[in-house]
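Please treat every number below as a calculation from the coordinates, not as lab data. Just so it is clear, the model here is predicted, and its values are computed rather than measured. Every residue, glycine as well, gets a Cβ built from its backbone with ideal geometry; the counts of neighbours run over all protein chains shown.
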Amino acid sequence: MITISQILENLIKQKPFVESALVEGLINISALARQLKPEIEKISRKEVTEASIIMALKRFVEHMDVSMHRKIEKATKSFGDIIVRSNLCDFTFKHSDTLIEKQSVLIKKLTTEKEVFYTISSGVFETTIVISSNFESEVKQIFKEEQLISSSTSISSITLRLPKDNIKIPGLYYHIFKQIAWEGISVLEAISTTNELSIILKDKDVDRAFSVIKRSYA
């Protein structure tokens, strides 16, 4: 038989912002228990008391504080440099039989450029190129016969150097994006390699996002 604690954990994990706010002590546990009570009773098919839900919530918070929050906090202290790059633009093209060939042409032109920033992210149906703005005209020329889905200018990137064991820490990326989301900042693109995460933002948001990240992980 499923327990109140198991039901509660499943419900909370469907609400990641609630989970984080609980761990950080930002939510009134009694009020949350009252809100969750009808749903818990529906799933368990029996009446439960608010006191039992409150007790389960307190145990959940204690568990999360040890198993996730502290691990993430320790990992963020191991972050390397935070690198900001401005004067970027991006283009998203629909996949075609000739798109990879055009990418090869672009990469060949960039091989002698040491200072240029560029990333190419290929999805199932489309590919996005983020590149330094001084290559905007080059991209437009090379890909002029491809179907452009969207493009943006006046964007910047914030690149985080992650600890080597970051892939073993559940919730690390969520913890980073949560801080940015709570400030009402929109992320245009997120590009990652094994030990790096680049967040693409509008120029108007980059200073505020940098301050949030620096304050959270310094």
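Below are the figures for this structure:
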read-out	value
GNM result for the chain, Cα springs below 10 Å: residue of Gly171, Gly25, Gly184 fluctuating most strongly	Gly25
Helix axis angle, 172-182 relative to the chain longest principal axis, alpha carbon, degrees	90
Ranked list, fewest to most other Cβ atoms within 10 Å of each Cβ, for Arg59, Arg215	Arg215, Arg59
Full-stretch length increase - Leu26, Phe125 - with 0.36 nm per residue and alpha-carbon distance subtracted	31.6 nm
Residue among Thr92, Thr193, Thr159 with the largest mean-square fluctuation in a Gaussian network model of the chain, springs linking Cα atoms under 10 Å	Thr193
On Cα atoms only, tilt of 203-217 relative to the major axis of the chain in degrees	50
Centroid-to-centroid separation of region 180-218 and region 21-53 [C-alpha atoms, Å]	33
Given [x] 18.0; [y] 20.3; [z] 22.7, the label whose value is Kirkwood radius over Cα pairs in Å derived from this model	[y]
Residue order, fewest to most beta carbons within 10 Å, for Leu201, Leu106	Leu106, Leu201
Longest exposed-site-free window of the chain, the sites being GluC sites (Glu not before Pro) in a DSSP loop that have at most 13 other C-beta atoms within 10 Å	48-112
